[in-house]
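Note sheet for the following structure.
Every number in this text was worked out from the coordinates using simple rules, so none of it is lab data. Note that the structure is predicted; figures quoted are calculated from it, not measured. Cβ: placed from backbone, ideal geometry, glycine included. Neighbour counts: every protein chain shown.
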């Protein structure tokens with residue numbers, strides 16, 4: 001699938017979360033390679049596709065569509081395989097550079113929101129653990145034998 005980089009997040013609890021970002025550069029897709037070598041043309045995407053937000057599922061309207069695979073295609077386009085986790089809709093198609101850049105930015109914003117929510121949940125859980133531990137200490141429910 002090409003190159004990748006990993007973003008490591010350390011939560012207040014000390015747990016680490018790794019997010020893997022895959023770069024679309026690297027090995028050529030077999031279809032694109034065969035198409036170029038045989039002189040065939042890839043089908044042009046419909047003009048309406050350029051306006052569609054790729055994160056929105058055309059079947060169930062979910063905003064959770066994500067890329068499963070992607071490759072650079074001839075003509076400044078990208079071949080993406082997309083999947084909707086709600087209805088299992090899948091498609092492999094060609095999309096323009098601008099549309100893919102908008103999708104990438106949307107995915108980055110969503111990733112940041114997930115990381116923020118994860119950090120908030122971890123802090124809240126840690127705070128609740130501390131409160132329970134302090135309450136147990138105050139009530140003499142914890143004795144040296146517990147350690």
Counting only backbone N atoms under 16 Å from a point 7 Å out along Cα-to-Cβ of residue 21, the residues of segment 87-122 in range are 101-116
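So, by mean Cβ neighbours within 10 angstrom, what's the order for 119-125, 79-85 with the highest one leading?
Descending mean neighbour count gives 79-85, 119-125.
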Descending packing, highest mean Cβ count within 10 Å first, for 54-61, 111-118 is 54-61, 111-118
Rounded to one decimal in nm, the spacing of the 7 Å Cα→Cβ label points at residue 127 and residue 86 is 3.1
The simple spin-label model distance between residue 3 and residue 116, using points 7 Å out along Cα→Cβ, in nm, is 3.0
The exposure ranking of 68, 20, fewest beta-carbon neighbours within 10 Å first, is 20, 68
Residue 10 and residue 53 label points (each 7 Å along its Cα→Cβ direction) are spaced in nm at 3.6
